[in-house]
Structures are given as C-alpha cells and as structure tokens.
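J.: This is the structure, below, for whatever I ask next.
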Amino acid sequence: MSHRSVQNPYLYRRRMTTVGDRVWFNSGRCKRQSYTIRKNLTKMIKKYLVLICMTISVILIVLAALAYPGGSLLDKNSVGFGWSKNFISNLFEAKAINGLDNPGRIWAILGMAFQSVGYGVFFINMSKKIALKVWVNVLKYIGFANIFLIFLIATPYHDLGTISIVLTLIGLFIITFFILKSKLHLLKFFCIISLLTYYCFFFLYSFSYLELAFIMQKVYSISSILLVLGLEYFTKYEDFAPIQSGEEKKATNR
C-alpha cells in the first residue's frame, strides 16, 4: 500500500469531521437565531397586544356591520346596519331585526372577544404603573373580570355582560383620578371627555332619546378605545411615582 493511500483515509475522516463541525455550528447558530427571533416577536406582541386586539376588534365589528341584513328599533324594514340607527348589540343577534339570518354575527362575536382581551390586558398593565397597592389590586381584578364579562355582551347573557361597562367606568375613573394628579395635561382632557361621553350615553338611553343614543354609543366606544391606547402607550411608571411618594408622606405624617 502506498504512502498516499495510507494518508487518504485520515484526510477523508478529518475532512468529514470538519464538515460535521461546520454543520453542528451552523445548526446551533440557526437555533440561537430562531430563539432570538421568537423572543423578540413575543416581546413585540406583548408590548403591542392592546393595540393589536383593539385594531382587530374594530375591523371585525365593521365587517359584521357590513354583513348585517337590516332592521332597526325605529324602522324594521331598513336595509343594512345604520351607525346612527342601530346599537352595536344588534350585530350579536342570530336574527336581524328585519327577521333575516345575520351572517355577520360571527365577526361581531370575534370582535368582542378581541376587545375583551384588549381591555383586560390594558387594566392589568395600568396596575403595574400605579404603585399604590390598594388600587393595583382593584385594577387587576377589573382587568381579569373584563376579559370574561365584556365577551358576555355578545352572548345570550348580554345583561350580565353589561356589568363590564360598570367595571370599565370604575377602572377609568380610578385611572382618571391619578392622571389628574399627574403632569399629563393632554391625557387629563381626554380622560374627562371620555367619561362624559359614557354618562351622556346613559342619560340619553335612560330617557329614550334613541336617535341620539345610537350615535353617542359609537362616540363613547371610539373615545374609550382611543383613551385606552393613549394611556397604554403614553404613560409610564415614573408619571405616577410622585403621587405614590406624596401619599406615603401623608400616611407617615398621620
């Protein structure tokens, strides 16, 4: 056997070992890159979850409205969904007011499901920014309750689901209290306007001013979503830290 033929198996094994090392190294690097991508994607989704849920919710509700056959409390023979003639709750019924099947119902239910998650996550996130323990727990409970209760609005348990509106008002009232004590002047204005739209709707609906109540429902829904997004992405823990220290000083002086 020649010297060359003796060395060939060694060189072949060495070459194969080098290739194997490269494959193992590249495989490990791909796994690390894949893990990094998944981690960054998860972090991004978590950060923008409220925005994602609210955006998808609005899109689905609009799709449901476009598919609504027709009929309203004022005119059972009207065609389609009238934003100034129908309540959003009409979209959740299996039958439209004019008696036809409602094909948009599934989109409305899915839209409400995303909205319930969006509101719930928002209140839970806000509880982490307000460091006073009593209000932290209240906002957390409102957040978890809203995830379940808001969705009930789209079910036969609609009346039970309206409890979520009361909880949402309580949560926004608590947050407004802290916003008013902060230096976030623009959000102070939006908080007050949003709460006023809620109260205006309840007033109009209670006294059967339906034509105005139809419109005001959409106004308070939009203003509430915009307020939630503003509070979610334009406030931070430091905005409320001086309020916490001030309350602690008062407690100490007592």
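J.: In the range 59-107, how many residues are hydroxyl-bearing (Ser, Thr, Tyr) and under 26 Å from the mean Cα position of the chain (by Cα)? First the steps, then the outcome.
T.: Within the range 59-107, the subset hydroxyl-bearing (Ser, Thr, Tyr) is 68, 72, 78, 84, 89.
Applying the additional criterion that residues be under 26 Å from the mean Cα position of the chain (by Cα) yields 68, 84, 89.
Looking only at that region, the number is 3.
J.: Return the only residue of 98, 102, 77 being crowded, with 21+ Cβ neighbours inside 10 Å, in the same structural domain as residue 221 (by TED's automatic domain parsing) and more than 28 Å from residue 166 (Cα to Cα). Before the answer, list the steps.
T.: Working: 98 fails: crowded, with 21+ Cβ neighbours inside 10 Å; 77 fails: crowded, with 21+ Cβ neighbours inside 10 Å.
Every option except 102 fails the conditions.
J.: Only one of 114, 92 is aromatic (Phe, Trp, Tyr), touching a His at 6+ places or on another chain (Cβ under 9 Å) and closer than 25 Å to residue 215 by Cβ. Can you tell me which? Walk me through how you get there before you give the answer.
T.: Details: 114 fails: touching a His at 6+ places or on another chain (Cβ under 9 Å).
Being aromatic (Phe, Trp, Tyr), touching a His at 6+ places or on another chain (Cβ under 9 Å) and closer than 25 Å to residue 215 by Cβ holds for just one of 114, 92, which is 92.
J.: Which of the residues spanning the range 95-141 are among the aromatic types (Phe, Trp, Tyr) and more than 16 Å from residue 225 (Cβ to Cβ)? I'd like the intermediate steps shown before the answer.
T.: Step one: list which residues in the range 95-141 are among the aromatic types (Phe, Trp, Tyr), which gives 107, 114, 119, 122-123, 135, 141.
Within the range 95-141, 107, 135, 141 qualify.
J.: Of all residues being within 10 Å of the chain's Cα centre (by Cα) and either among the polar types (S, T, N, Q) or more than 24 Å from residue 48 (Cβ to Cβ) (or both) in the range 111-129, which is modelled with the lowest pLDDT? Just the residue, please.
T.: Across the range 111-129, the extreme among qualifying residues is 116.
J.: How many residues are of a type in the set (Gly, Ala, Ser) and not in a helix (DSSP H, G or I) if we restrict to the range 52-87?
T.: First, pick out the residues of the range 52-87 that are of a type in the set (Gly, Ala, Ser): 57, 64-65, 67, 70-72, 78, 80, 82, 84.
When the remaining residues are screened for being not in a helix (DSSP H, G or I), the result is 70-72, 78, 80, 82, 84.
Counting residues in the range 52-87 that are of a type in the set (Gly, Ala, Ser) and not in a helix (DSSP H, G or I) gives 7.
J.: Still on this structure, I have one more. Go through (1) at pLDDT 90 or above; (2) not in a helix (DSSP H, G or I) one by one and return the number of the condition residue 108 breaks.
T.: Against the list (1) at pLDDT 90 or above; (2) not in a helix (DSSP H, G or I), residue 108 comes up short only on (2).
J.: Out of curiosity, is residue 90 part of a helix (DSSP H, G or I), more than 30 Å from residue 126 (Cα to Cα), out of contact with any helix residue (DSSP H, G or I) (no Cβ under 8 Å at 6 or more places or on another chain) and at pLDDT 90 or above?
T.: Values: part of a helix (DSSP H, G or I): yes; more than 30 Å from residue 126 (Cα to Cα): yes; out of contact with any helix residue (DSSP H, G or I) (no Cβ under 8 Å at 6 or more places or on another chain): yes; at pLDDT 90 or above: yes.
When the stated conditions are applied, residue 90 passes them.
The values are calculated or read from the model by the stated rules, or taken from the named source; none is laboratory data. Computed from a prediction, not measured in an experiment: that's the story for all the values here. Cβ: placed from backbone, ideal geometry, glycine included. Neighbour counts: every protein chain shown.
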